[in-house]
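Shown next, in structure tokens, is the structure this report addresses.
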Amino acid sequence: MTYKETLFFVGKCLTITHEEENRKAIEQKIIDKTVDWDSVVKLSTGHYVFPALYCNLKRAGFLHHLPNDLVGYMEHITNLNRERNQQIIEQAKEINELLLTNNITPIFLKGTGNLLDNLYDDIAERMLGDIDFLVSKNHFDTTIQVLKENGYYEKLKNSIDNTILNRHYPKMVKKDKIGAIEVHYKMITNEKNFNYHTVKQHLKKTTNNITVLSNEDQVLMTCFNKQLNDRSQWYKNVALRNSYDLYLLSEKTSIIKAISNLTNPIISNYLTNFVASTSLFFNTPKSLEYAKTTNTRKFIQKQLTLIDNAKKNKINKKLWNLYFLHKLRLTIILKSFYNKQYRNYVLATILKKIKPNS
């Protein structure tokens, strides 16, 4: 199986709980013994969907077709992830209670928000990095102070505070807690289209008094995070973990309706491109309906071209990395002339560089 073939195979596998056509196609391919399981394991692990793959194959009743050692390995990794996620859920609940006590309402985002909102049939399906949550800018400094007073500290000691360049405070950890946390004051870099004020009117409360985004805003968050924050609009890369989240959300709310709430047509096109990509690799589920345009067609064509040509893909990413690096540096220099926070960052960076030679 080529990389592209494996990508399409795993994408279909992630839908077999809900898509009968994909379930039949996957079952036949497994029965025919034409699956390169080594490639499947490698790709699904790299895309952080290995437990989700196992859970879907198990729900479909396909595990008896798989090699016994593979099933044992998949079950082991999934169980470990389930245990980790349970600890993350408990940690998120503790953070929520702590901040609510201090009159701060955290809004849990991305994977953690989806877990707390019961998006997955099995909490083991989602592989998590950090615990991300959003607070209002008015509560941002107080939130950091409260967390530090309760045992949290920066993961990278003696590092420069680069909050001004990011959407969140530097990662924080706490002894004996499994998850690093990122306290966000912004969800996307250019927050004009999607920010605290645009989402706060339709927030949801879970049974544990935890606040998460509405279904439609979770759709937007998933798309924004992939296409803009991770720059996939330019890199044209595929991320099955993000796509799986979007697919599950599409079972709960209208993707087209969510994106239509945006007023910027360029941004809407970017997000629609991600929906189009997800639809393609998941074999066009009905719930992933989107507006097919020239832009989406060109995006998909470019994406497939780069998947087929590793050299072009590498060059494309390198060029965009250089572009974004120089753009960031120029932005820092220009803003340092009139923004005190940027000046402090530049000064701290200079002092850190010259300190070893002093």
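The values are calculated or read from the model by the stated rules, or taken from the named source; none is laboratory data. From a predicted model like this one, the values you see are computed outputs, not experimental measurements. Counting neighbours? That spans all protein chains shown, and the Cβs are built from the backbone with ideal geometry, glycine included. The accessibility values were calculated without ligands, DNA or RNA, using every heavy atom of the protein model including side chains. Shrake-Rupley method; radii C 1.70, N 1.55, O 1.52, S 1.80 Å.
Have a look at the DSSP beta bridges in the chain and tell me what percent are antiparallel, nearest 5. Before the final figure, lay out the partial values.
On the way: 9 of 15 bridges.
Of those bridges, close to 60 percent are antiparallel.
Quickly estimate the mean residue ellipticity at 222 nm for the chain, helices only: each DSSP H run with n ≥ 4 gives -39500 (n - 2.57), and the total goes over all residues, rounded to 500.
Values: 16 runs with 206 residues, N = 358.
Calculated at 222 nm, the ellipticity per residue is -18000 deg cm²/dmol.
Mind computing the radius of gyration and Dmax over the alpha-carbon atoms of the stretch 83-149? Å is fine for both.
12.5, 36
Roughly speaking, to the nearest percent, how much of the chain's 1.4 Å accessible area is carbon and sulfur? Mind showing how you got there, number by number?
Values: 9380 of 18540 Å².
Whole-percent figure for carbon plus sulfur exposure: 51.
Using a 1.4 Å probe, what is the accessible area per residue for the chain, in Å²?
On a per-residue basis, the chain sits at 52 Å².
Heavy atoms of the protein only, probe of 1.4 Å, neighbouring chains included. What is the accessible area of LEU330 in Å², nearest 10?
The value for LEU330 is about 100 Å².
Let me have the relative contact order for the stretch 232-358, percent, based on Cα pairs under 8 Å that are six or more residues apart.
Taking the mean separation of contacting Cα pairs over the length of the stretch 232-358, I get 23 percent.
Just to be sure I understand: with springs between alpha-carbon atoms less than 10 Å apart, which residue in HIS168, HIS139, HIS326 has the highest mean-square fluctuation in the Gaussian network model of the chain?
HIS326
Let me have the relative contact order for the chain, percent, based on Cα pairs under 8 Å that are six or more residues apart.
Working: 438 pairs, mean separation 51.8, N = 358.
Relative CO of the chain lands at 14 percent.
Can you give me the Cα centroid spacing of the stretch 100-156 and the stretch 237-288 in angstrom?
Centre-to-centre distance over Cα atoms comes out at 25 Å.
From the alpha carbon gyration tensor of the stretch 211-358, can you work out the equivalent ellipsoid semi-axes (sqrt of 5 times each eigenvalue) and give them in Å, largest to smallest? Working shown, then result.
Numbers: eigenvalues 245, 83, 38 Å².
They are 35, 20, 14 Å, listed from largest to smallest.
Could you name the aspartates and glutamates in cross-link range of LYS257, using Cα to Cα under 13 Å and dropping any fewer than eight places away on the same chain?
Leaving aside aspartates and glutamates fewer than 8 places away in the same chain, those within reach of LYS257 are GLU216, ASP217, GLU289.
On a full-extension model of 0.36 nm per residue, what is the gain between GLU83 and GLN301, subtracting their alpha-carbon distance, rounded to one decimal in nm? Can you show the working numbers first?
On the way: separation 218, 0.36 × 218 = 78.48 nm, distance 4.01 nm.
Between GLU83 and GLN301, full extension yields an extra 74.5 nm.
When the dipole is taken about the Cα centre of the stretch 90-192, and only Lys, Arg (+1) and Asp, Glu (-1) are charged at their Cβ, what size is it in debye, to the nearest 20?
Values: 14 positive and 16 negative charges, 87 e Å.
Here the size comes out at about 420 debye.
Taking the Cα-to-Cβ direction at PHE8 and at ASN209 and moving 7 Å from each Cα, how far apart do the two end points lie in nm?
The two pseudo-label positions are separated by 5.2 nm.
Can you tell which of ASN242, ASN321, ASN339 shows the greatest fluctuation in a Gaussian network model of the chain with Cα springs below 10 Å?
Between ASN242, ASN321, ASN339, it is ASN339 that shows the largest mean-square fluctuation.
Distance between the C-alpha centers of the stretch 186-201 and the stretch 300-334? Whole Å please.
Between the Cα centre of the stretch 186-201 and that of the stretch 300-334, the gap is 26 Å.
I need the fraction of alpha carbon pairs in the chain separated by more than 30 Å, rounded to a whole percent. Spell out each step's value before the answer.
Working: 27616 of 63903 pairs.
Taking all Cα-Cα pairs of the chain, the fraction more than 30 Å apart is 43 percent.
Please give the peptides 223-233, 107-117, 57-67 ranked by average Cβ packing (other Cβ atoms within 10 Å per residue), highest first, as a rough proxy for protection. Could the numbers behind the result be given before it?
Working: 223-233: 21.0, 107-117: 23.7, 57-67: 15.2.
The packing order, highest mean first, is 107-117, 223-233, 57-67.
With springs only between Cα atoms under 10 Å, which of SER44, SER159, SER268 fluctuates most in a Gaussian network model of the chain?
SER159
Might you report the magnitude of the Cβ-based charge dipole of the chain about its Cα centre, with Lys and Arg at +1 and Asp and Glu at -1, to the nearest 20 debye?
Result for the chain is approximately 1840 debye, rounded to the nearest 20.
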